[in-house]
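Structure, as structure tokens:
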Amino acid sequence: MAKKKSSKSGGGYFGLGYIISIILAIIPITNLILGIIIRAQRRNILGIVLNVILAPLFWIIDLISIIVKNKLLVLV
């Protein structure tokens, strides 16, 4: 039997596909909202606060990490 991937083991945003995750990462407001939600699910309060304060920096970092690794890598 094939194993079903969970959202934590899947890449990108909530285990969505690579192209959809890139599209969502390119749009700054969706990147901010989804980054906050994912960091909240993983109970990373520091990541949430820094994501709100340093939104442009996190937008670039999240976009690069989605393109390269298809995962959020920084403060997740």
Rounded to a whole %, the carbon-and-sulfur portion of the accessible area of the chain at a 1.4 Å probe is 73
Using the alpha-carbon atoms, what tilt in degrees (0 to 90, nearest 10) does helix 55-69 show relative to the longest principal axis of the chain?
-> 20
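Given a Förster distance of 30 angstrom, what is the FRET efficiency for Ile20 paired with Ile64, based on the Cβ-Cβ distance and rounded to 0.05?
It comes out at approximately 0.95.
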Would you calculate, for the chain, the mean residue ellipticity at 222 nm contributed by helices, counting each DSSP H stretch of 4 or more residues as -39,500 (n - 2.57) and dividing by all residues, to the nearest 500?
-> -19000 deg cm²/dmol
Which angle from 0 to 90°, rounded to the nearest 10, does the C-alpha axis of helix 28-41 make with the longest principal axis of the chain?
-> 70
Ignoring ligands, DNA and RNA, what accessible area per residue does the chain give at 1.4 Å, in Å²?
-> 67
Computed over the chain: relative contact order in percent, which uses C-alpha pairs under 8 Å that are six or more apart | 32
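The values are calculated or read from the model by the stated rules, or taken from the named source; none is laboratory data. Nothing here was measured: the structure is a model prediction, and the numbers come from that model. Here Cβ is always computed from backbone atoms with ideal geometry, including for glycine, and neighbour counts include all displayed protein chains. Ligands, DNA and RNA are excluded from the accessible area calculation, which covers all protein heavy atoms including side chains. Shrake-Rupley method; radii C 1.70, N 1.55, O 1.52, S 1.80 Å.
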